[in-house]
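Student: Have a look at this one before I ask anything.
Rule-based calculations on the coordinates, nothing more; no lab input. Only a predicted model underlies this, so the values are computations on that prediction, with no experimental measurement involved. Backbone-built Cβ (ideal geometry, glycine too); neighbour counts: all protein chains shown.
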Amino acid sequence: MGIEAEPIRIAAALILDAAGRTLMVRKRGTEALIQPGGKIEPGEAPEAALARELREELGCVVVEAVFVGAFAAPAVHEPGRRVEAMLFRVEIDGVPAAGEEIDALFWLSAAEAEARQLAPLSRTHVLPLVKAAAERIKDAA
């Protein structure tokens, strides 16, 4: 049995619009969609990493970030490694636009996201939260 590589520590954003769609991104040179966010630098707080990554990737400012939970899943872009994600429900200021490292961004309903190629973290842990949020929005209408 080999030595397991150190997990990749990330801060990830669950960003929803008024219709309950979630913002997902595709990094340059990749296929799978992921949540906006990125690696937490040594000594950096997860909230600071999230704010930095959303500014770099989307050109947006974090207005509010509420911790949702810590989740682990296989890393989609680094085979054989795992991501350990600190997931935050985020309110942003600004209109998201593809910035550094981002090839495209998408606002997707839970059903639309389910039909796409998603990172394991997004499919296993985030998509159920998007579905639940969409149901709450539908019930409130």
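Student: What does the charge add up to near ARG28, with Lys and Arg as +1, Asp and Glu as -1, over the other residues with Cβ less than 12 Å from its Cβ?
Tutor: Cβ neighbours under 12 Å give a net charge of -3.
Student: Per 10 Å bin, what percent of the C-alpha pairs of region 3-80 does each bin hold, from zero upward?
Tutor: 16, 50, 30, 4, 0
Student: Right, another one. Could you work out, for the chain, what percent of all Cα-Cα pairs fall into each 10 Å distance bin, beginning at 0 Å and stopping at the bin that holds the largest distance?
Tutor: Reading upward from the zero bin: 12, 44, 35, 7, 1, 0.
Student: Now a separate question. Just the number, please: percent antiparallel of the DSSP beta bridges in the chain, rounded to the nearest 5.
Tutor: Around 75 percent antiparallel, to the nearest 5.
Student: Leaving out same-chain residues fewer than 8 places away, which aspartates and glutamates sit with a Cα under 14 Å from that of LYS131?
Tutor: Counting by Cα, and skipping residues close in sequence, LYS131 has these aspartates and glutamates nearby: ASP17, GLU112, GLU114, ASP139.
Student: Report, by chain and number, residues whose modeled amide H sits under 5 Å from the one on ILE92, excluding near sequence neighbours (fewer than 5 apart, same chain).
Tutor: VAL63
Student: Next up: Quick one: among GLY80, GLY59, GLY37, which has the greatest mean-square fluctuation in a GNM of the chain with alpha-carbon springs under 10 angstrom?
Tutor: Evaluated over the chain, the most mobile residue of the options is GLY80.
Student: If you don't mind, another one. Principal axis lengths of region 85-141 from Cα atoms, whole Å, largest first?
Tutor: Per principal axis, max minus min of the Cα coordinates gives 37, 27, 23 Å.
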